[in-house]
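Note sheet for the following structure.
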Amino acid sequence: MQTSFIQAYPKLLQPKVAVAGLWLAHGDEPLLQQWLIDALRPHWRTQNYAIKRIELISTKSWQEVLSELGSQSLFDDASALIVTGNHKPDKAVIAELERFAVDAQTGAHSHSLLWLTPKQDKRAQSGKWFAPFAQYGQVIDCNFYDERQRQQLLQIQAQQFGLKLSQDAWQLLMSHTEHHLLSAYQTLWRLSYLFAPQLATDSDNSLVSNQNLALDIGDLQAALVSDAQFSVFDLSDAMLAGNSAQVAKIIFQLKATDEPTTLVLWAISKDMRLVLALMDGQDPQALGIWRSKQGLYQQACRRQSTAQTTKWPELLYRCDQAIKGLIRQPAWELLLLAALELSGRRLFA
C-alpha cells in the first residue's frame, strides 16, 4: 500500500495502530521521517517491542537485518528495526522480505521493519526490491508537492500542541519562517509554552491538550521576539495613513533592532494586496479588514492610481529576491521604497 505522509500521519496518531510488517518511508524531508518514527514509537512501546537501529553500509548489511528479525528475546514480544541507508537488497533478501511481510499479515509474527531512504522516483519504484513493500507493506511518501500540504501538516502539529491559529496568523507564520518546516514547527512549540502553559506533558515529552487555544495574528506577533520600539503593525498604520516621515522612521528603527525582513515584507505585501482588492471594488468586510481600520484603507486607496499600483507586484518580488540574496540591492532599501509607495511618497519617478 502506498500513501502520502499527510494521509498516513494522522492515522498513526490514533490510539491503536497495527505496526507489524514492512514499512518504507522515502523522501528528502528528514523531519518527516523523524516524525514518522515519533508517531510509531509509542505503539512499539505499548506493544512491548525492542527498538533497534541498523545502518546499511553495503548490500551484505541486509543479512544483519534478517538475523535481527529472526532472533527472539526473553524480555520483548517482538522487534522493531529502523533501517537507514540506500543499499538495495539482493534477490535472496527480497524473497526473505516478502516471506517476512506475508507472515506478518497472517499473524505468524509481530516484528516491524521501517526502512528510511531518500526519495525514490518512478523508475526506482518499478524495481523488484520495491515490490514487497508496495504489495505487502506500507510505503509512505515523505515529500511535499505544494505549500498547502506543508500548512496542513503544521496544522496537525499545532493541534498536538493544543493550538489553533487564525488564517492571518498562519500567513504570518509561513512568511516569517520562509516556509521552512523546522522553523515553523519550533515557532509553534514556543507558542505552546507562551500561551498554553496549562498543557500537560506525557511520557514521550509530547504536549497533550483536551482543547485547542485559539491564537490570532497579534498573539503570533508577540511570540516573535523583537526589541524594536515599533512593530510592523505601527508600520502598517503609518503607511495607510500616508505619514511618510513616520514610515521612514519606523523602517530605520526596525532595521536597527534587526527585525526580520520577512516579517516587514509580509506587513507591506498584506496591505498592498488589500488596497489593490479594495480598488478593484471588493467589500472590506469580505476581505477581513477590521471596521476600525477600514477608514485607513479607504484613505490609502484614494492616494493611489492604477498606473502606480501596477508596479507593486514587481517591487514586492524584488524585495523577496533581495531578502533571499538573489540580487545585490539591499533588502532594507527596497522595503523602504515599497513602504513609501504605499504611503503615497515615491522617491523615484
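Details
- FRET efficiency estimate (nearest 0.05) - Cβ-Cβ, S67 to Q321, R0 45 angstrom: 0.25
- Contact order relative to length of the chain, as percent, for alpha carbon pairs under 8 angstrom and 6 or more apart: 16 percent
- Multiplying the residue separation of Y145 and A92 by 0.36 nm and subtracting their alpha-carbon distance yields 15.6 nm.
- Relative to the longest principal axis of the Cα atoms of the chain, helix 261-279 runs at roughly 60 degrees.
- Projected label points at W189 and R302, each 7 Å from Cα along the beta carbon direction, are separated by 5.0 nanometres.
- C-alpha long axis of helix 181-195 to longest principal axis of the chain, angle in °: 70 degrees
- Above-threshold pairs, the threshold being 18 Å between Cα atoms, out of K88/K128; K270/K311; K60/K91; K88/K122; K164/K270; K91/K128: K164/K270
- Per-residue Karplus couplings for the stretch 81-89, computed as 6.51 cos²θ - 1.76 cosθ + 1.60 with θ equal to phi - 60°, are listed in order as 9, 9, 9, 10, x, 10, 7, 6, x Hz, Gly and Pro entered as x.
- Cα gyration tensor category, rounded, prolate or oblate, for the stretch 213-313 with a/c compared to 1.5: oblate
- 222 nm mean residue ellipticity, helices alone, for the chain (DSSP H n ≥ 4; -39,500 (n - 2.57); rounded to 500): -16500 deg cm²/dmol
- Rounded to the nearest Hz, the phi-derived 3J(HN,Hα) couplings of the stretch 118-123 under the Karplus curve 6.51 cos²θ - 1.76 cosθ + 1.60 (θ = phi - 60°) are x, 4, 10, 7, 4, 5, where x marks glycine and proline.
- Distant-in-sequence amide H partners of L215 (H built 1.01 Å from N, under 5 Å): K164, L165, S166
- For the chain, the orientation-averaged shadow of the C-alpha convex hull comes to 22.3 nm² (one quarter of the hull surface).
- Label-point gap, in nm, between K16 and R41 - each point 7 angstrom along Cα→Cβ: 2.5 nm
- Amide H within-cut-off set for Q138, under 5 Å, with H built and near neighbours excluded: L22, W23, L24
- Inverse of mean 1/r across different Cα pairs in the stretch 2-141, Kirkwood, Å: 15.1 Å
- Between 0 and 90°, nearest 10: helix 61-70 axis offset from the chain longest Cα axis: 70 degrees
Values quoted throughout were computed directly from the atomic coordinates according to the rules given, and no laboratory measurement underlies them. Bear in mind that the values here come from a model prediction, so they are computed numbers and not experimental data. Cβ atoms come from the backbone with ideal geometry, glycine included; neighbour counts cover every protein chain shown.
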